[in-house]
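Any read-out appearing in this document is the output of simple, stated calculations on the displayed coordinates, not a laboratory observation. Because the structure is a prediction, the values reported are computed rather than measured. All Cβ positions, glycine included, derive from the backbone under ideal geometry; neighbour counts span all protein chains shown.
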Amino acid sequence: MVSQDLVRVGSYLSVLGIMAMWELLAPRRKLTASKLCRWGGNLTIVGLNTMIARLLFAGGLAAAAVIGQEWGWGLLNWVDWPTWLELGLAVLLLDLVIYVQHQAFHRVPWLWRFHMMHHSDLDLDVSSGVRFHPVEMIISLLVKSAAVLALGVAPLAVVAFEILLNGTSLFNHSNVRIPLSIEPVLRWFIVTPDMHRIHHSVDPRETRSNYGFNVPWWDRIFGTYCAEPALGQLGMEIGLEHLGPPVCLNLFMMLRFPFVATLGRYVGRT
């Protein structure tokens, strides 16, 4: 367990550091808000979420995978396929679960209340990839735990998925410039920052697109893909237009945000 934690933390900090440096050297957009304020809020919320997850979900998703394996629960525990195939299929299916969960957080009003805090960030950079309300984090862990048990995901696949999910969340929220000759090709294989940034547009039609985190295929398959924002990557505004004057949220404001903010036009199917 200690070695797994070291791998997770090490990979997380490595990606965070690399993307933060990339943002300094080659930013995609000019930031509009105080980076000190935003990073302070975003990093304190991830610190709180980490402590809550440790208290409520000792062992995390890997513990659920071990239980499922010991009891023979789940689809992949009923087949005898090559390890590489089961590993790849488990990661892919868990990614589909995250895609469906993400849509639910946008379509169900009471779920949107908590996910809306993620979209309230005034800019988008690597720190935005960890900005999630504790209630959303708990719900997500419950959903992923149920998926791990139902699918019969092996502990190794769970660890691989968590590392991949954390890394890609940091990557696709980053404010980095990728050469335009490469980016359209790259987004066939992974969700790029330019692709995911559209999801954070103030335009509700664009917010209801590009839900994917790891692979971009689900958006293309299920008709939620948007190639470019109407105002372009540099002209597009980030955040939620119905909240009034831009405000940088501290930890206390983030925690109370779902209970005081109005829903706006973003929730639902249309």
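General remarks:
Results for (1) in contact (Cβ under 8 Å) with a residue 40 or more places away in the chain; (2) touching a helix residue (DSSP H, G or I) at 6+ places or on another chain (Cβ under 7 Å); (3) part of a helix (DSSP H, G or I), shown as yes or no for each residue.
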| position | (1), (2), (3) |
| --- | --- |
| Ala58 | no, no, no |
| Trp84 | no, no, yes |
| Leu93 | yes, yes, yes |
| Val97 | yes, yes, yes |
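- One residue alone among Gly60, Gly74 is over 22 Å from the mean Cα position of the chain (by Cα) and surrounded by 17 or more Cβ atoms within 10 Å (Cβ to Cβ), and that residue is Gly74.
- Cβ pairs under 8 Å, 6+ apart, first in segment 159-183 and under 19 Å from Thr50 (Cα atoms), second assigned to a helix (DSSP H, G or I) and charged (D, E, K, R): Val159/Arg8; Phe161/Asp95; Glu162/Arg8; Ile163/Arg8; Leu165/Asp95; Asn166/Arg8
- Residue that is over 18 Å from Lys35 (Cα atoms) and in contact with a His (Cβ under 7 Å, 6 or more places away or on another chain), where the choices are Leu240, Leu255, Leu234: Leu240
- Top-ranked residue in segment 9-55 [being in contact with a Pro (Cβ under 8 Å, 6 or more places away or on another chain) and in a helix (DSSP H, G or I); ranked as nearest to His173 (Cα to Cα)]: Ile45
- Tally of residues being more than 26 Å from Arg256 (Cβ to Cβ), surrounded by 14 or more Cβ atoms within 10 Å (Cβ to Cβ) and among the aromatic types (Phe, Trp, Tyr) across segment 77-119: 1
- Single residue of segment 127-145 satisfying the filter (under 11 Å from the mean Cα position of the chain (by Cα) and hydrophobic (A, V, I, L, M, F, W, C)) that is farthest from Val267 (Cα to Cα): Val130
- The sole residue among Trp78, Trp71 that is among the aromatic types (Phe, Trp, Tyr) and touching a residue at least 40 places away in the same chain (Cβ under 8 Å) is Trp78.
- Verdict on Ile45 being surrounded by 15 or more Cβ atoms within 10 Å (Cβ to Cβ), under 23 Å from Gly239 (Cβ atoms) and of a type in the set (Val, Ile, Thr): yes
- Selection of helices (runs of 4 or more DSSP H) fully inside segment 138-222 by the criterion of at least 1 residues being among the β-branched types (Val, Ile, Thr) and crowded, with 20+ Cβ neighbours inside 10 Å returns 155-172, 204-207.
- Segment 106-123 residues that are in contact (Cβ under 8 Å) with a residue 24 or more places away in the chain and over 12 Å from Val202 (Cα atoms), paired with ones that are of a type in the set (Asp, Glu) and crowded, with 20+ Cβ neighbours inside 10 Å (beta carbon under 6 Å, 6 or more apart): Phe114/Glu136
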